[in-house]
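Only one structure is covered here, and it is reproduced in the block below.
The values are calculated or read from the model by the stated rules, or taken from the named source; none is laboratory data. Computed from a predicted model, the values in this text were never measured in an experiment. All Cβ positions, even for glycine, are placed from backbone atoms using ideal geometry, and neighbour counts span all protein chains on display.
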Amino acid sequence: MSLQSPLDGSPPGPVRSSDYGAARIRLAIVSWAIAAAILIAGVIWIGSASVFDTASPDFFPFPAGLAGVLAIVGMVHLGQGLRDLARRRKSGLSRIEAGKAQLGKVFSGRVWTEKPVAATGPYRVRLSCEHSIPTEGPDDSSRRRTAVLWEKTVTANSSTRSNFGIPFSFELPPNGLPSGPEGLANGETVVWRLRASAPASGLNYVAGFVIDVSGTDVAAPLRSTSDAFQGYARPEQPGVRILRFALPIVGALVVAAGGYASINQALHSWRGAAVSGTVTAFNRPQAVVALDNGQTVSVPALSSHHQWREGQQVLVTCRADDDQYSVCRMDTGFDRWTDAVATLAIGLILTAIGAWLWRRKRLAAASEDRRSTKE
């Protein structure tokens, strides 16, 4: 548990930190215990052969599969817990010394570590306001969806001695939301989080705290999330961030596939000759076609747009080399062109959306820089 020690002389108050190593290890143990219980219950209920023997007529893999999933979840929790404990041993317990956090005023202070951090890059201290909303999952389970309403990051030089304090200072928006659930819909809450981090050899330094932010003195607390932080750019949500990175990559791959298919179709049509024949056999995904000139050719990669059958009269487009036909395709009209051009268009659309997300990110960053300069 980290401590927040206000500089105004008031007693220090506890704040939660991101040091959840022991709790995550306990979650891993619980996950493995449940997995073992499910596996043992399955063996007792339906027999070991039904659970493990794939050749058994009564094979039912559900207990083993569910136990395997829980075991993997336990491994993930174990890895995260060991990582958190290693960070704790490396830098010790982090704490905050700061003044009162109030909307419309400056919130400043220092993050202290018990042991000095050998940072290889600048320290970053990020303050964010999160709106947490309860939701119901597909199985009627209770979940929470979190949206970041406002955030700002300040930096400190890598030469800063963390055991003497990492300084930070934030101008809190006067039209923001104070901490707590008061005034919000049932189950909703607002949480302010401060996160300090820095790259370091081995494990990076990371510490997180929950900050109690109060409302302004001159007006009642604003409790409308739609009206809060007006004039400030809304932070990019995690899902949008993933799309911003993934869409250009996926779009480029789809463009390459569509471009290749289009060029290949154009070259095949340009150099090919239409020849009639009869389907004599299938070897999916290929078909054997006896051409009217007596030559037998193999047509690979049958189009999924048509149903072919033996004995069917077909028209194939083949490349002609010295009166011998090779590299043949079934004549499907414009289907192949439709597939190729549609793939190319989808790739271009995905790439354009990714480029727009990057442009929006740059514009938001430029706007925030201008605001910071004015402040």
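Would you mind stating whether P174 is of a type outside the set (V, I, T) and assigned to a strand (DSSP E or B)?
no
All but one of (1) in a loop (DSSP other than H, G, I, E, B); (2) under 16 Å from V148 (Cβ atoms); (3) modelled with pLDDT under 85; (4) not hydroxyl-bearing (S, T, Y) hold for L222, so report the exception by its number.
Here L222 clears every test but (2).
Taking the range 316-351 as the region of interest, how many residues are farther than 16 Å from Q286 by Cα, modelled with pLDDT of 80 or more and not aliphatic (A, V, I, L, M)?
3
Output the residues belonging to the range 79-106 that are in a helix (DSSP H, G or I) and of a type outside the set (G, A, S).
Answer for the range 79-106, where residues must be in a helix (DSSP H, G or I) and of a type outside the set (G, A, S): Q80, L82, R83, D84, L85, R87, R88, R89, K90.
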